[in-house]
Amino acid sequence: MKELQALSAKRGVQHIVHVVGECNDMPAAYMLSDVVVSASTDPEAFGRVIAEGQAMGRPVIATDHGAGRETVIEGVTGLLVPPGDPMALATAMDRVLVMTVAEREAMAAAGIEHVRTHFSRELMCKRTLAVYGELLGAKAQAHT
């Protein structure tokens, strides 16, 4: 964190780059953000930050693997970048930060709708239980 703060000061952007420690009010943190970045280098199984950012109507940039591929609609609900590619990440951040109000509003609406439609707690539980049922059914068939 100290390295990031020193680098932002060196580059003269410390007034717009904020590194926040522990936060117990994530909705407020998302609402204070101009962009939500999930730059994991290892694929994640779900990508909660990605879905939460979209649900809060924030542009999301995620790495193009694992959960990012499943939760971001490229160019519609957010942007995808190759993992471990800082130049692609910087380009995507620049692209988001220069969006017009109309472009931001369109991405926000699409992200909110996408999360409501595909990632509600009820739907995700239903899908998980369906997988368990499928596995149990296959196991039962294998024993007959």
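Read the figures in this text as sums done on the coordinates, not as results from a lab. Computed from a prediction, not measured in an experiment: that's the story for all the values here. Note: ideal-geometry Cβ built from the backbone for every residue, glycine included; neighbour counts use all protein chains shown.
Here are some notes:
- Top positive-direction residue, dipole computed over the range 22-142 with Cβ charges, set Ile112, Leu135, Val36: Leu135
- Look at the alpha carbon pairs under 8 Å that are at least 6 residues apart: their mean separation over the length of the chain gives a relative contact order of 19 percent.
- GNM flexibility winner over the chain from Asp25, Asp42, Asp64 (Cα, springs under 10 Å): Asp25
- Order by protection proxy (mean Cβ within 10 Å, highest first), peptides 27-39, 49-61: 49-61, 27-39
- Cut-off 13 Å between beta-carbons: net charge of the residues surrounding Met124, Lys and Arg +1, Asp and Glu -1: +3
- Environment charge of Gly57, counting only residues whose C-beta is closer than 15 Å and scoring Lys/Arg +1, Asp/Glu -1: -2
- Cα-based equivalent ellipsoid, the chain: semi-axes from gyration tensor eigenvalues, Å: 34, 17, 15
- Computed label-point distance, nm, for sites Glu105 and Tyr132 using a 7 Å Cα→Cβ extension: 4.4 nm
- Put a dot 7 Å past the Cα of Arg95, heading toward its Cβ, do the same for Asp34, and the two dots end up 1.7 nm apart.
- Cα gyration tensor shape for the range 41-82, rounded if a/c is under 1.5, else prolate or oblate: oblate
- Span-rule helices in the chain, defined as complete DSSP H runs reaching 30 Å or more along the axis (Cα) with Kyte mean at least 0.0: 121-142
- Computing FRET efficiency as 1/(1 + (r/R0)^6) for Ile16 and Ala45, where r is the C-beta to C-beta distance and R0 is 35 Å, gives about 0.60.
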